[in-house]
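S.K.: Below are the structure tokens for one structure; questions will follow.
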Amino acid sequence: MTGFVTLKRLVLSLALAGGFPALAEPISVSKTADMRQAMDDIALAAANHDLVLVKMQPIDTALAKRGFENPHIRILFIGSESAVRWAEEAEPRLLNLLPLRLTLIQREGRISVMSDDFDLWLKEFPDPPAHLMVEAWRAEMKATLDDFVRQ
Amino acid sequence: MIHCIRTVFLLLALLAGTSPASAQTAAPEPMILTTTAPGRGMEAAVAALSQAIVNHNYTLVRQQAIDSRLVPYAQEVRSVRLVYFCNFAKMDQALRLDFRATQMLPCRVTLVETPTGVDLIAINPAWVSQDMPALSELCQELKQDYLAILEEAAL
């Protein structure tokens, strides 16, 4: 019994000390909307943050028309010229992250929107300027998605 | 007491995000898969890549400049192009396993023209999926597909 209590304390203190491995999570938000409304709202939110909707990838219809189950998922690419120029100058490998990707998932009348996992990139580029660049894109994406929820 | 100590060690291993077995076997995946097509221009490199994509049972989705739709067409950068492609059966399989597979969909190769040729660069799907265990096997398969496509495109 004492052992169990000690164990519990150890786990608790590790957890409090941030000892649990942080699961890298993409930024995600959700709200009640249909796919069309969600895309319009994202385009508007992106524009509010000087981002442009570059391309919509309708993988839901692409899969359905080929006889696969409709996953009710679409991918949007958004970007800005300044992000491209910044990456070209400072760290061309970051061009692989551009344009930024958003995944829209439709489930039971709600739309969830998820970004790519910026934490992976932050770990790969621990030093400035690349690290700061990814941080800035993540913050921009977070602000855009918060704006999307408010639309 | 021995059981308790063993449990503590097991927990510590889990908290560290690894187990003795995985620590021995898991080598970190590189972020990027890359090859170079020496002495080739952008148009020829895109054509060779497109053929390699089709040869490996993938469908060409589209190609675009890195700054497409961000600047007027005439001002687009000619030296960096993106080629997107897909195998719909694999896409379906990946999405069934974990919807976060969208982070590597559709497949993409970035082509960068240099003074000596064209670099072909892809994000390694096995690197992207490192926190998505359900996708691990499929992403290894995808990685091999990428490597084969890149190799053929650079021939």
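S.K.: Taking strands (runs of 3 or more DSSP E) that fall entirely within the range B:1-101, which contain at least 1 residues that are under 24 Å from residue A:61 (Cβ atoms) and at pLDDT 95 or above?
M.R.: B:59-65, B:80-86
S.K.: Can you tell me which of B:145, B:92, B:67, B:131 is in contact with an Asp or Glu (Cβ under 8 Å, 6 or more places away or on another chain), of a type in the set (D, E, K, R) and within 18 Å of residue B:32 (Cα to Cα)?
M.R.: B:131
S.K.: For residue A:66, all conditions in the list (1) over 26 Å from residue B:121 (Cβ atoms); (2) facing another protein chain (nearest Cβ under 8 Å); (3) crowded, with 21+ Cβ neighbours inside 10 Å hold save one; what is the number of the exception?
M.R.: (3)
S.K.: Still on this structure, I have one more. Touching a His at 6+ places or on another chain (Cβ under 9 Å) and without any contact (Cβ under 8 Å) to a residue 40 or more places away in the chain: which single residue out of A:53, A:122, A:63 fits that description?
M.R.: A:122
S.K.: Within the range B:64-81, take every residue that is closer than 15 Å to residue A:100 by Cα and not β-branched (Val, Ile, Thr) and give me the one that is farthest from the other protein chains (Cβ to nearest Cβ).
M.R.: Across the range B:64-81, the extreme among qualifying residues is B:65.
S.K.: Also, I was wondering about something else. Can you name every one of the helices (runs of 4 or more DSSP H) wholly within the range A:71-151 that holds 3 or more residues which are open to solvent by less than 20 Å² (accessible area, probe 1.4 Å), of a type outside the set (Ser, Thr, Tyr) and in contact with a strand residue (DSSP E or B) (Cβ under 8 Å, 6 or more places away or on another chain)?
M.R.: A:130-150
S.K.: For the range B:58-103, how many residues meet the condition of being farther than 20 Å from residue B:126 by Cβ and without any contact (Cβ under 8 Å) to a residue 24 or more places away in the chain?
M.R.: Looking only at that region, the number is 15.
S.K.: Looking at (1) more than 27 Å from residue B:136 (Cβ to Cβ); (2) open to solvent by 30 Å² or more (accessible area, probe 1.4 Å), which is the one condition that is false for residue B:61?
M.R.: Condition not satisfied by residue B:61: (1).
S.K.: Could we say that residue B:120 is in contact (Cβ under 8 Å) with a residue 24 or more places away in the chain, on the phi < 0 side of the Ramachandran plot and touching a Ser or Thr at 6+ places or on another chain (Cβ under 8 Å) here?
M.R.: The answer is yes for residue B:120.
S.K.: Further question: Taking the range B:32-56, which residues are open to solvent by 30 Å² or more (accessible area, probe 1.4 Å) and either within 21 Å of residue B:128 (Cβ to Cβ) or of a type in the set (Phe, Trp, Tyr) (or both)?
M.R.: Of everything in the range B:32-56, those that are open to solvent by 30 Å² or more (accessible area, probe 1.4 Å) and either within 21 Å of residue B:128 (Cβ to Cβ) or of a type in the set (Phe, Trp, Tyr) (or both) turn out to be B:32, B:34, B:35, B:56.
The values are calculated or read from the model by the stated rules, or taken from the named source; none is laboratory data. Computed from a predicted structure; not experimentally measured. Cβ coordinates were reconstructed from backbone atoms using ideal geometry, including for glycine residues, and neighbour counts include every protein chain displayed. What goes into the accessible areas is simple: the full protein's heavy atoms, side chains included, and nothing from ligands, DNA or RNA. Shrake-Rupley method; radii C 1.70, N 1.55, O 1.52, S 1.80 Å.
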